Amino acid sequence: MRYAYCHPVRWTLCALSAVSGTVGQTVEVVELEPFFVNSTRSANVQTSQVSGEHWRSRGAVGLAELLEDAEPGLALVRKAGMSNDVVLRGLGGDDVSVTLDGRKIYCACSNRMDPPLSHAIAENAGKVEIAAGPFSLRRAGSLGGHINVQSTEIQSGYHGSGELRYGSFNETSVSMWGSVGTDNVAIRVQGAWMASDPYENGDGVKITELPTGNAAYLPAVVDDRAYTAWHAGGELTWQLSETLEGAFNFLHRSDRDVLFPGLKMDADQTLTYQTGLRLTGTPKDGLFETWVADLYYNYTDHLMTDSKRVSSTNGPGALRGWFMRTDALSRNYGTSFDATVAADRYGEWRVGGEFDRRHWDSDNVLQLIENEMIPDVVLDTLGMYAEGSYDFDSPFSLQLGLRLDRFATAPGGDTTFLSSLYGKVGDRDFIEPGAFASLRWELSKAAALFAGLGSAARSPNPQELYLQVEKPNAQHWAGNPNLDAPRSNELTAGLEYQVEAWGLRGRVFHSWLDDYIYPVLTSTAGGDIQSYDNLDASLYGVEFSAEYRFTDSWSVDAALAWQQGEKRSRPVNSTNDVLAEIPPLRAQATLKYADGRNRISFETRASQAQTRIDPDLNEQDMGSWITFSIRGQRDLSKHWTLGLAVENLFDATYALHNAQVRNPFSAFTVVDEPGRVVKASLRYEF
């Protein structure tokens, strides 16, 4: 076709945590002023710059689509026209933690129709920090990486922006924000509305025409809206004293009738509420130079059915309008504390901790079978960390860090079906340390070498442990309450070279994934089922980027990423050693021009064919592809900006890669990328 054993590393880390208190981090930072993005990475791994003008012209539906082009190692997971996901160097799902201003947020859908990145909004995004690999210790569970979306500070005076964007397939968005601030009090409000019809691939096939069989869309739906969404929120900050500031934020988001051709159901409705309270201290003396304390609460109610599919006409669906239905509820609340220690000549040090409680409950109906799909599970996370950096009186600098977490999870609902397969199903408790160390060697003013070793783990999530889906006349899908906590141990090394006009960066990495959680076909007392199991695997790759500035106006940048995954141990019924969902070699290059009023970019992206697949998970061979796009902006005046973009200029038909095309409700439909898309935007700001 187209297209409870204790690991020695854990013992070592436990011992280290008793004698050390420092941490290091490998971070890429993508800065976003409202509708702007710039990119830098920490000095110990890589540092790059992504033009804000480049991002202003993109007009992406969400942050996942924006970040997909930040570097080739971060790839989009395409299942729909919006609310898409990402994989970071081949790892996704809960292996990559997502925080909004340092606050954890989770999905409610078992198929990630509402991935955490979809809960972020662009209007107030200040920067996005991307830590690749197990090198982010400030929040728990970041074995594959950590993405933190940080809001901009509210400036003094009156500021605001409004933008209208329209494109192919009636893709429409209206967004606005406004703020007013004094020396003591500041407030900002923001909101947006967006909608689109189903887009077409390069062959003129709508994404609603891709699913077949029972997953096919009803004729009346093929030309219907692909999604409608809106959100509104606000932030308030106030100066409590000379050294103490308070902040409060609230956001409500509503997504309706979002079509997911890659799955068997669609999202009828997703309602999200986010609220948080923050105190920031800048004491004049004492142990801490600065500190931040957070309280937060997030709530998501997600409803999905097959009411728009052929399957809805089967059996009882002909009477009630759907054959399968899932109502999921996710909420989490917690507190965190982060502080910078006044260490003076002993380097820069940070300490902190967090407590997070995650509730996840999901009820499913298949035909006449009522499943307590995720039985009201609670997952508690309690953790603390310390990290620091030190510059020697030499060309060397060092970063170190430690973290310790306790995860405790318990089902609060009926687990009768799971017990019939595994016997007694009970609570689980995990204590997991993490650590990081990196060394940088300045060879000259222009060149440097770096190397790092990191280790991090996460708890199995409620779905992996306690999922219960009894299917009529088909293999059931169930969690595995006996899973161990997965861990990544990674070694990375690279180089940087920077002169006046040139910038080069390269990195190699090798991750040893222990007890990696993987979908499998397994045998239980109740027969063969689709479930999860632990396996050991290796993930390794190369990343490279370069920039060159010809003149003050013209520049070019290029990047590539290659990664490959292999199973080091096979599940019982596995037929191959290929680790699934690993994107193939990918490269991109952009030629950019910018003067005082005009910005234009010519972009090409390409991918090698994906032939390393795991057919056990219904992955498919996928062809190579190359696309070209043109984007431009012109400042009409001090306040008005006009934008125009033509994406996929030559109308290629292609799909990115195999990613999360898995059960329990996957249609195993590879969702193509849009064909040629023309977008125009008009923005006013003050």
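Say whether the condition of being among the aromatic types (Phe, Trp, Tyr), in a strand (DSSP E or B) and farther than 30 Å from Tyr654 by Cβ is met by at least one residue in the range 173-188. Within the range 173-188, one or more residues are among the aromatic types (Phe, Trp, Tyr), in a strand (DSSP E or B) and farther than 30 Å from Tyr654 by Cβ. Would you check which residues across the range 219-254 are farther than 22 Å from Ala192 by Cα and out of contact with any strand residue (DSSP E or B) (no Cβ under 7 Å at 6 or more places or on another chain) and list them? Pro219, Ala220, Val221, Asp223, Ser241, Glu242, listed by residue number. Scanning the range 517-544 for residues that are outside any strand (DSSP E or B) and at pLDDT 95 or above yields no hits at all.
Is it true that some residue in the range 391-398 is surrounded by fewer than 16 Cβ atoms within 10 Å (Cβ to Cβ), polar (S, T, N, Q) and either modelled with pLDDT of 95 or more or more than 26 Å from Phe450 (Cβ to Cβ) (or both)? The answer is no, given that none of the residues of the range 391-398 is surrounded by fewer than 16 Cβ atoms within 10 Å (Cβ to Cβ), polar (S, T, N, Q) and either modelled with pLDDT of 95 or more or more than 26 Å from Phe450 (Cβ to Cβ) (or both).
Every residue, every condition in (1) at positive phi; (2) touching a Lys or Arg at 6+ places or on another chain (Cβ under 7 Å); (3) of a type in the set (Ser, Thr, Tyr); (4) not in a loop (DSSP other than H, G, I, E, B), yes or no:
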residue: Gln620; (1), (2), (3), (4): no, no, no, no
residue: Ser629; (1), (2), (3), (4): no, no, yes, yes
residue: Arg634; (1), (2), (3), (4): no, yes, no, yes
residue: Leu642; (1), (2), (3), (4): no, yes, no, yes
residue: Ala652; (1), (2), (3), (4): no, no, no, no
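The residue that is nearest to His657 (Cα to Cα), among those in the range 607-644 that are among the aromatic types (Phe, Trp, Tyr) and surrounded by 14 or more Cβ atoms within 10 Å (Cβ to Cβ), is Trp625.
Being buried (at least 22 other Cβ atoms within 10 Å of the Cβ), among the acidic types (Asp, Glu) and over 30 Å from Val185 (Cβ atoms): is that true of Asp266 here? If you could, list the steps in order and put the result at the bottom.
Details: buried (at least 22 other Cβ atoms within 10 Å of the Cβ): yes; among the acidic types (Asp, Glu): yes; over 30 Å from Val185 (Cβ atoms): yes.
Yes: the conditions hold for Asp266.
Each row is one residue, and each column tells you yes or no for (1) modelled with pLDDT of 85 or more; (2) among the small types (Gly, Ala, Ser); (3) crowded, with 24+ Cβ neighbours inside 10 Å.
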residue: His119; (1), (2), (3): yes, no, yes
residue: Asn124; (1), (2), (3): no, no, yes
residue: Lys127; (1), (2), (3): no, no, no
residue: Ala132; (1), (2), (3): yes, yes, yes
residue: Ile147; (1), (2), (3): yes, no, yes
residue: Ser156; (1), (2), (3): yes, yes, no
residue: His159; (1), (2), (3): yes, no, no
residue: Gly162; (1), (2), (3): yes, yes, no
residue: Gly167; (1), (2), (3): yes, yes, no
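Among the residues of the range 467-516, those that are surrounded by fewer than 24 Cβ atoms within 10 Å (Cβ to Cβ), small (Gly, Ala, Ser) and part of a strand (DSSP E or B) comprise Ala493, Gly494, Gly503, Gly506.
Within the range 197-229, the set of residues being crowded, with 17+ Cβ neighbours inside 10 Å and among the hydrophobic types (A, V, I, L, M, F, W, C) comprises Ile207, Leu210, Ala215, Ala216, Val221, Ala226, Ala229.
Residue check: Glu470 meets all listed conditions (1) out of contact with any helix residue (DSSP H, G or I) (no Cβ under 7 Å at 6 or more places or on another chain); (2) at pLDDT below 95 but one, namely (1). Of all residues in the range 399-411, those that are more than 21 Å from Ser336 (Cβ to Cβ) have Cβ atoms under 6 Å from Cβ atoms of residues that are among the charged types (D, E, K, R) and surrounded by fewer than 21 Cβ atoms within 10 Å (Cβ to Cβ), 6 or more apart or on another chain, in Ala410/Asp427. In this structure, Val189 does not satisfy being under 25 Å from Glu153 (Cα atoms) and surrounded by fewer than 15 Cβ atoms within 10 Å (Cβ to Cβ). Selection within the range 126-162: residues that are of a type in the set (A, V, I, L, M, F, W, C) and part of a strand (DSSP E or B). The member of this set that is nearest to the chain's Cα centre (by Cα) is Ile147. Restricting attention to the range 524-556, the residues that are more than 29 Å from Ala457 (Cβ to Cβ) and of a type in the set (Gly, Ala, Ser) add up to 7.
Considering the conditions (1) crowded, with 16+ Cβ neighbours inside 10 Å; (2) assigned to a strand (DSSP E or B), Thr604 is excluded by exactly one of them, (1).
The number of residues in the range 517-530 that are surrounded by 19 or more Cβ atoms within 10 Å (Cβ to Cβ) and touching a His at 6+ places or on another chain (Cβ under 9 Å) comes to 2. Within the range 246-258, identify whether any single residue is in a loop (DSSP other than H, G, I, E, B) and under 21 Å from the mean Cα position of the chain (by Cα), and answer yes or no. Scanning the range 246-258 turns up no residue that is in a loop (DSSP other than H, G, I, E, B) and under 21 Å from the mean Cα position of the chain (by Cα).
Could you pull out the residue among Trp360, Trp322 that is outside any strand (DSSP E or B) and at pLDDT 95 or above?
Details: Trp360 fails: outside any strand (DSSP E or B).
The match here is Trp322.
Report yes if Ser136 is buried (at least 24 other Cβ atoms within 10 Å of the Cβ) and over 24 Å from Gln269 (Cβ atoms), otherwise no. Taking the combined requirement at face value, the residue satisfies it. Selection of the range 630-657 for residues being within 21 Å of Ala80 (Cα to Cα) and among the polar types (S, T, N, Q) yields Asn648, Thr653. Within the set Gly286, Gly317, Gly276, the sole residue that is out of contact with any strand residue (DSSP E or B) (no Cβ under 7 Å at 6 or more places or on another chain) and either buried (at least 19 other Cβ atoms within 10 Å of the Cβ) or closer than 30 Å to Thr208 by Cβ (or both) turns out to be Gly317. In the set Ser455, Ser444, Ser459, only one residue is out of contact with any His (no Cβ under 8 Å at 6 or more places or on another chain), more than 24 Å from Leu421 (Cβ to Cβ), of a type in the set (Ser, Thr, Tyr) and not in a strand (DSSP E or B); that residue is Ser444.
Can you spot a residue in the range 404-426 that is acidic (Asp, Glu) and touching a helix residue (DSSP H, G or I) at 6+ places or on another chain (Cβ under 8 Å)?
No.
Taken as a whole, the condition of being crowded, with 16+ Cβ neighbours inside 10 Å, closer than 26 Å to Ala594 by Cβ and of a type in the set (Asp, Glu) applies to Glu547.
The values are calculated or read from the model by the stated rules, or taken from the named source; none is laboratory data. Only a predicted model underlies this, so the values are computations on that prediction, with no experimental measurement involved. Virtual Cβ from ideal backbone geometry, glycine too; neighbours counted across all protein chains shown.
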